[in-house]
Amino acid sequence: MFALDDDRVLRRYREGGDVAHEVAIMRKLETLGYPVPHVFKAAGPDLEMQRLHGPTMLQAMMSDDLGMRQGARILADLHTRLHQTPFVHLDLHPENVIMTATGPVVIDWRNAQKGEPDLDLAMTAVILAQAAVSFIPAAEQFLAAFLACTPGDPLRLLPQALARRAADPAMSGEETSLLTEAESLILLLAPR
Ligand SMILES: Nc1ncnc2c1ncn2[C@@H]1O[C@H](COP(=O)(O)OP(=O)(O)OP(=O)(O)O)[C@@H](O)[C@H]1O
Ligand SMILES: [Mg+2]
């Protein structure tokens, strides 16, 4: 990420690749009124977009500016609003939400696609559970709060979400080995 000026940032994929797919989705979502950064320019691995000002949702919760239950409700609401469109984000967690003065805005659309809302909810649960069983105790509390107010059914496509996560090349062997424990935690905390 490079700050170009006060209004623009440039994101460049180090591995190369093409941002065209995520940019098409971001632009479509913007026309639908969903909170995404405005895209100025996209070319190959480069994405020039609106620079957002504010802490991530994770930072806001860690500094106690935002309560966990409040944060969980905002995240659940971002899912609900997104799922009124054909798209899913598949990486919608508190580090990919920027709390701006005009409201929460969702970043990091590289995994976005058309898909089932329940898969998006399950992916969020898996990501939070992995954090909870590895090194972030507060993540368990946040996961419980998210599961208590989530729309849809985060358990229905949990097996698909776990498989997707296990196949993610960005994950270390150690992280992958925690997936079974993460699954158990979700099943334990999910209200029935
Ligand atoms: N439009 C933006 N305006 C301001 N800051 C941004 C913007 N997009 C991203 N950032 C900052 O850059 C950080 C990383 O961005 P992003 O989540 O898109 O990539 P990433 O998390 O590095 O991707 P990955 O986790 O897949 O490697 C964010 O946490 C945020 O602080
Ligand atoms: Mg990110």
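Has segment 34-56 got any residue that is away from ligand 1 (no atom under 16 Å from the Cβ) and either touching a Gly at 6+ places or on another chain (Cβ under 6 Å) or not small (G, A, S) (or both)?
Start the filter on segment 34-56 by keeping residues that are away from ligand 1 (no atom under 16 Å from the Cβ), which leaves 43-44.
If we keep only those that are either touching a Gly at 6+ places or on another chain (Cβ under 6 Å) or not small (G, A, S) (or both) too, we end up with none.
No, the conditions are met nowhere in segment 34-56.
Counting only residues that are among the charged types (D, E, K, R) and touching a residue at least 24 places away in the same chain (Cβ under 8 Å), which one in segment 98-128 is nearest to ligand 2 (Cβ to nearest atom)? Walk me through it before giving the result.
Here is the first cut: in segment 98-128, the ones among the charged types (D, E, K, R) are 108, 110, 114, 116, 118, 120.
Checking the rest, the ones that are also touching a residue at least 24 places away in the same chain (Cβ under 8 Å) come to 110, 114, 116, 118, 120.
On the way: R110: 9, K114: 21, E116: 22, D118: 22, D120: 15 Å.
Selected residue: R110.
Quickly run through segment 81-106 and pick out the residues that are assigned to a loop (DSSP other than H, G, I, E, B) and either at pLDDT below 95 or under 18 Å from A170 (Cα atoms) (or both).
We begin by selecting, within segment 81-106, every residue assigned to a loop (DSSP other than H, G, I, E, B); these are 83-86, 89-93, 101-102.
The answer is H89, L90, D91, L92, H93.
Please identify the pairs in which a residue from segment 80-97 that is farther than 13 Å from D120 by Cα has its Cβ atom under 6 Å from the Cβ atom of a residue that is within 11 Å of ligand 1 (Cβ to nearest atom), counting only partners at least 6 apart or on another chain.
P94/M57; P94/L58; E95/T56; E95/L58; N96/I107; N96/D108; V97/M57; V97/V106
Of the residues A170, A148, A125, which single one is open to solvent by 70 Å² or more (accessible area, probe 1.4 Å) and under 18 Å from D77 (Cα atoms)? Break it down into steps so the answer makes sense when it comes.
On the way: A170 fails: under 18 Å from D77 (Cα atoms); A125 fails: open to solvent by 70 Å² or more (accessible area, probe 1.4 Å).
Checking each option against the conditions leaves just A148.
Results for (1) open to solvent by less than 50 Å² (accessible area, probe 1.4 Å); (2) under 28 Å from A139 (Cα atoms); (3) not in a strand (DSSP E or B), shown as yes or no for each residue.
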{"position": "D18", "(1), (2), (3)": "no, no, yes"}
{"position": "H21", "(1), (2), (3)": "no, no, yes"}
{"position": "I25", "(1), (2), (3)": "yes, no, yes"}
{"position": "H53", "(1), (2), (3)": "no, yes, yes"}
{"position": "L58", "(1), (2), (3)": "no, yes, yes"}
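Pick from segment 129-145 the residues that are touching a residue at least 60 places away in the same chain (Cβ under 8 Å) and out of contact with any Leu (no Cβ under 7 Å at 6 or more places or on another chain): which of them is least open to solvent (accessible area, probe 1.4 Å)?
Checked segment 129-145; the qualifying residue least open to solvent (accessible area, probe 1.4 Å) is A145.
Just to be sure, is V36 assigned to a loop (DSSP other than H, G, I, E, B) and either under 18 Å from the mean Cα position of the chain (by Cα) or in the same structural domain as K114 (by TED's automatic domain parsing) (or both)? If you could, list the steps in order and put the result at the bottom.
Details: assigned to a loop (DSSP other than H, G, I, E, B): yes; either under 18 Å from the mean Cα position of the chain (by Cα) or in the same structural domain as K114 (by TED's automatic domain parsing) (or both): yes.
So V36 passes the test.
Tell me, please, whether a residue that is in contact with a Ser or Thr (Cβ under 7 Å, 6 or more places away or on another chain), assigned to a helix (DSSP H, G or I) and either over 29 Å from L32 (Cα atoms) or within 16 Å of ligand 2 (Cβ to nearest atom) (or both) can be found in segment 156-169.
Taking segment 156-169 first, the residues in contact with a Ser or Thr (Cβ under 7 Å, 6 or more places away or on another chain) are 166.
If we keep only those that are assigned to a helix (DSSP H, G or I) as well, we get 166.
When the remaining residues are screened for being either over 29 Å from L32 (Cα atoms) or within 16 Å of ligand 2 (Cβ to nearest atom) (or both), the result is 166.
Yes - at least one qualifying residue is present in segment 156-169.
If you take the residues in segment 90-105 that are aliphatic (A, V, I, L, M) and more than 10 Å from ligand 1 (Cβ to nearest atom), which one is nearest to L66 (Cα to Cα)? Before you say what the answer is, go through the steps one by one.
Step one: filter segment 90-105 for residues aliphatic (A, V, I, L, M), giving 90, 92, 97-99, 101, 105.
After this cut, where a residue has to be more than 10 Å from ligand 1 (Cβ to nearest atom) as well, the list is 90, 92, 99, 101.
Details: L90: 23, L92: 17, M99: 10, A101: 13 Å.
Per the stated criteria, the residue is M99.
With respect to the numbered conditions (1) of a type outside the set (A, V, I, L, M, F, W, C); (2) over 21 Å from I136 (Cβ atoms); (3) away from ligand 1 (no atom under 13 Å from the Cβ), which one is the sole condition not fulfilled by G71?
Of (1) of a type outside the set (A, V, I, L, M, F, W, C); (2) over 21 Å from I136 (Cβ atoms); (3) away from ligand 1 (no atom under 13 Å from the Cβ), only one is false for G71: (2).
The values are calculated or read from the model by the stated rules, or taken from the named source; none is laboratory data. Please read all numbers here as calculations on a predicted model, not as lab measurements. Counting neighbours? That spans all protein chains shown, and the Cβs are built from the backbone with ideal geometry, glycine included. Just the protein is used for accessible areas: all its heavy atoms, side chains included, with ligands, DNA and RNA removed. Shrake-Rupley method; radii C 1.70, N 1.55, O 1.52, S 1.80 Å.
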